[in-house]
Structures are given as structure tokens and as C-alpha cells.
Amino acid sequence: MKKKNKSISKLAALTAMVISAFAPVYAQTNLGADCGCPAVASRTSVLVSTLVTNGGAADGELIATNTIFDCSKNWILDKKIYVPSGKTLTILPGTVIKGNTGTAANATALVVEVGGKIFADGSASCPIVFTAAADNLDGTFPISSNGQWGGICIAGKASNNLTLAANGPFQAGVGDGKICVADGIGTFEGFASSNSKDQFGVTPAQFDDNDNSGILRYVSIRYAGAILQVGGELNALSLGSVGRGTIIEHIDVISCADDNIEVWGGTVNLKYLSFMFGNDDLLDYDDGWRGKAQFIFGIKSDVTANVDSDNGIEMDGDDQKSNLTPRSHPVIYNATFIGNSKTTLTSDNSGLAGLEAKELTEGEIYNSIFANYRYGFNVIKALGTRTGTSEAYHNWAAVGGNGSTSLIVKNNTFVGCTNDISVNKNGGAAAVLPSDSVQFFTTDGNVHATSIPGFTYLWAMNPSTNVVSAPYDAVPSPALASSITAPADGFFTPVNYRGAFAPGVKSWMSDYSYAALLGTTAGLVPCPTDINGDGITNNVDFLQLVGQFNQSCH
């Protein structure tokens, strides 16, 4: 019997181990393989309507106390599905949930009611995917196919500033214009129903800022935003009065027809968010949201003719100019938002700004990058119909402000924006005072740039074929340093660079984000295994990799 060369055997085993570790773990058609899930195409389909009450006041509500979706099946949302109070929906890693296409009464969605809970706790190698019924998960479903199904709504008990006098009564078909049904209780945008199943919040005496609606972690939400009524699309993820006891992390939103995430009131914290190719705002908040957020990446489609391409962050303090408290006051660090240089308003757009600050908003934005927008930071000064003497501008301005300094925009970089700062969407001298520019650039440390080393925001992709002809790179190299460090408070990661990503290390998006499959970016793909570029991954690549362990890998 011949003896094996132990060194060669060990090398082969180590090669296999290393190559496996560096292989893209987010192969869509083999989603969840790392946690024992079968291939997506081989999974049987289950209509979720078979698990709910059909008809009557409880129509669409899950029957079981704890419903479990596992990855042995593809779960089909064939109507609006509700998780009622006192009940739980658990979704295991690697699971796929598909929403049937429909609009208005036939639109499909998942709604977690006040008092209900969802536990969708995926992982980097076994994410949970919500997508359109027609998506075969191989990266070929066109990114232009937005609005195929509704989205996810989570309702909680945390505080908001809604009152019936200022925001109601509820009127079907008005969209989010009048969403209140009682003090502290609103109807999710898009729903033309005054049914309590479509509402968030509780009466003020019942507010609980520590409320827990469950977990969404390593969840991808694709092709959502179906229209329920004119001007009333659903968002990919709607958070109404969600409390800080809820965990929302590693959320990947693709091609939503409306806002990627919209937050109405509440205290929920958000971390590791990626938004790609959506139509409306990348992040929208209103009605007194006072949570925290860190590490957010968002990019618009490069198609400037898109009928609905709005803001990076739309910031509202109160609805309907109510002057009520608590006003929105989130604290946000380390965002990177890339627009598509669109300059003409169309559809129901209201901004085209990296930061659109209106409705007496408060909040703090630090260490972020805003690129390729018509306006970098646009702040509303005109009072319009608002009573009193203050708007968002007055919360921000040191000269001519109200002294609250409750809107803070510091140590951010604005690159390739037509106007870095504007007031009332006017970048001219008549609107932006000299004192505004001094505060923005000198006092607050914001920076104008025409380009950033290692950062490429101009790119090209065919929205029908998903073919990328010119990738973007969202990772500045070297890092853009900041004099401000995120606080070490148990939530924030204390880093002092600007933007969502650190250079020279693997990105938090690499493994599970759809960007890795589509190849949209030069800065966020997993480490290569074919080191020598010969088209084969073998021990030759491993031997070369051994000498390159310090290589940059995003």
C-alpha cells in the first residue's frame, strides 16, 4: 500500500476549506444551503391563505399562536396576511416568501399588528428573502420590476405625535394626508381602510417606548411597493410606532416602488441597511421618530428618466404642520447615499436632495456621504400655513434660528451635488445666507468635493437585463477621516470615518446583499477565489493566496 503524502493531503484539505470560506455564500438558487435548506426550485409552495381566517373581521389573520415558515417550502403571500396581537410569526434562516402580484384590494402584504411579533432572524450565509412571485432568484429578474407586491408593515406601541385634531379624521383614498383615527393611532400609508388591522400606535396613555415587535435580521425585501390607492404605494418596510425593544438589522431592499423604509414615530433603532434601485426616498421618517441608525447604504438607479426618484433621507418632524411633540429626532451616523443627478421633479416627488429637511424636523446626521444629488442638504425655511415662527431651518440655523440647535448636520461630505446646501430648494444667494454657508462648511465641518479617491458614483446598468457596464465603488480609499466618533453606547460602533464602509476590510454587505450577485459595485463583492485568473479555483490559487493574506478584500 502506498503511503499518502500527509503534507499534500493537508494542503488539499486546507485549500478546500479556504476556497469554501471565500466562495460567494449568497448563491440565490441555492439559498440557505449553509443551513441545510434544499434548492429553492425544489421546494414545494404553500399558500399562506391556508393558514389564516378567510372572511369576516379577522380576514387574513394567522390562526396558530405561533406560525413557523421554514426553508423546506416556498411561502406564497396570496392576500394581505396579518400577525394579530398575542401571536407570533417565526421565519427560519434561508426561507423564501413570495408575494403574488396585485394592486388595491388584491395587493399582497405582511402586516404585524400592534401586539403581534415577527421573528425573522436570518444570517449572512442564510438570509431570509421576501420577493415577487415571478423572481427566480438567479439575478435575472429585472430591477425595473418594482411594485410587484406590497411589503412588510410592523405596528407597535411606542410614542408618536399624531392627534386626531391635527391629522384626521381618517379618509379612505387620501393616502398619508390624513392617517389618524384617534390620538396616537394612525393608518399605514397606502391602506384605504380604517380597520384596526391596518393601524399602528396606541392611545398616549398606553405608549411604551421599549415595546418589542420582534426581530428582522439578514432580511432581503425585493420588488415591493404595490399601489393600494392613487398616491398610496406601500413601502418595502413600514415601521409605525415601533419600540426600541425591536431589532432591525441587516436589511437589504431592492427595487421598491416607494420608500425603502419609512418610519412613523417610535423609538426603534436601525443598523446595517442597504437600499438599491428604489423609486422614492431611500429613508423617510415622520411623526416623532427618535431612534438611532448607523451604517446605511443607498443608491438610485442610474436611469435619470425614472419617473419617481426622490431624496436620500426625507426628514419630517410632525404631520400636517401640527407643531406637536415629540418631534422626530433620530441620531444617524455613517450613511452613504448615491443619487442619479436627476434635476427635474416628476410624479409626486418633493425633493431630489440627499437630505430633505422639512416639517419642523429635528435630528442629527454625522459622518456621512451624499453624492450626485441636485441638492445636498435642502432645508425648509418658509412657514407656509404653519403657525408660529419656526420651521426646520430655524431648528438648524445658528443665525436667525430659534436657538434650539435641534437639527444638526455635521462632518458630512457632499460630492458631485449641484448645490451642497439650499434653502427652500433654492441654491442661489437670495436663499442661502452667508451665515448659512459659514455654519455649514466652517462651523459644522461639512465638506464639498468634486471627487473622492477610490469613490465612483457614476455608473451604468441596464434595468431590463441587469447587465452592469460600469460599476460604482462606494468605499473611499483612503478613508475620509472625521473629528467626530460615534459614541460607544451599546448600539453605535465607535468609528470616526465618513460613509457606510471602511476601506481595506470586507464590507458588511458582501455576503448577503443582492449587490454581490448583480456585480453592481467594485467595492462590495466577496473575496475572489480564482487568484491567478485562469478560470479555475484550485491549490495554485491557494498557494498564491497564502502570500496575499493582507490583500484588500471588500
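Figures for the structure shown
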| item | result |
| --- | --- |
| Cβ charges +1 (Lys, Arg) and -1 (Asp, Glu), total dipole of the stretch 280-501, debye | 480 |
| Ranked packing of 385-398, 501-514, 366-379, most packed first, by mean Cβ within 10 Å | 366-379, 501-514, 385-398 |
| Most to least packed among 59-70, 77-88 [average Cβ atoms within 10 Å] | 77-88, 59-70 |
| Packing-based order for 445-458, 95-108, 42-55, 201-214, using average beta carbon neighbours within 10 Å, highest first | 95-108, 201-214, 445-458, 42-55 |
| Distance in nm between pseudo-label sites at T53 and N106 (7 Å out along the Cβ direction from Cα) | 2.6 |
| Pairwise FRET efficiency - V438 versus A41, Cβ, R0 = 56 Å, nearest 0.05 | 0.40 |
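Any read-out appearing in this document is the output of simple, stated calculations on the displayed coordinates, not a laboratory observation. Keep in mind that this is a model prediction, so the values were computed, not measured. With ideal geometry, Cβ positions are generated from the backbone for all residues, glycine too; neighbour counts draw on all protein chains shown.
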